[in-house]
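Before any comments, here is the structure.
Nothing in this text is a laboratory measurement; each read-out follows from the coordinates by a stated rule. Model, not experiment: these values are computed from the prediction. Here the Cβ positions follow ideal geometry from the backbone for every residue, glycine too, while neighbour counts run over all protein chains shown.
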Amino acid sequence: MARTAAWPAAGDALLVVDVQKDFLPGGALAVARAGEVVAPLNAAIRAFERAGRPVYASRDWHPANHCSFKARGGPWPPHCVAGTRGAEFADGLALPRSAGIVSKADTPDVDAYSAFGGNDLAAQLRRQGVRRVVIGGLTTDYCVVNSVLDARAAGFEVVVLADAIRAVNVQPEDGARALEAMRKAGARLEPA
């Protein structure tokens, strides 16, 4: 797979989705091979920094009694509880100090898989003249696909860093279905 368009360019922003300790090996909701996204994301971060283009990072920032947790009838074990070690960004992820941090699903009764859910991320991007969002992170079949679909619905072009995403695959083909949904929505999948 080769890049079809040069990035970063004027009008681009990078969005790193939920690369948090609880999704990495040993975490409360570990995703297979999740740690492999860090190196290609760091390469993208460096490229965006050199080009002077904005970098954003989303994070689950759940209260201890979040509605997505099994104790409240949700599908997941407790994970990414605000202020805990599991909610921290992955060790080695080289987010710049200037990165915009977007917290999501941070109230007990509202879930948000998308980095655009319940916040003003789209407006922040527009204020910076962003037209295209380059996205990578965790997980392909939940937070990445929902972020991509919301970015497309908000009118942004989207490039998905295909080697910087990993799927939960609750059902065996969930990741593949998410990739197809992103393609159908008009996102391009390219290497980091």
Selection count where residues are more than 19 Å from R132 (Cβ to Cβ) and over 13 Å from the mean Cα position of the chain (by Cα), scope the stretch 148-178: 11
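Yes/no matrix, rows are residues, columns are (1) among the charged types (D, E, K, R); (2) assigned to a helix (DSSP H, G or I):
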| position | (1), (2) |
| --- | --- |
| I45 | no, yes |
| A57 | no, no |
| N65 | no, no |
| A71 | no, yes |
| G74 | no, no |
| H79 | no, no |
| G83 | no, no |
| D91 | yes, no |
Residue check, A9 assigned to a loop (DSSP other than H, G, I, E, B), touching a residue at least 24 places away in the same chain (Cβ under 8 Å) and either among the polar types (S, T, N, Q) or more than 15 Å from T140 (Cβ to Cβ) (or both): yes
Output for the stretch 137-192, where each listed residue is out of contact with any Ser or Thr (no Cβ under 7 Å at 6 or more places or on another chain), among the basic types (K, R) and within 26 Å of L95 (Cα to Cα): R152
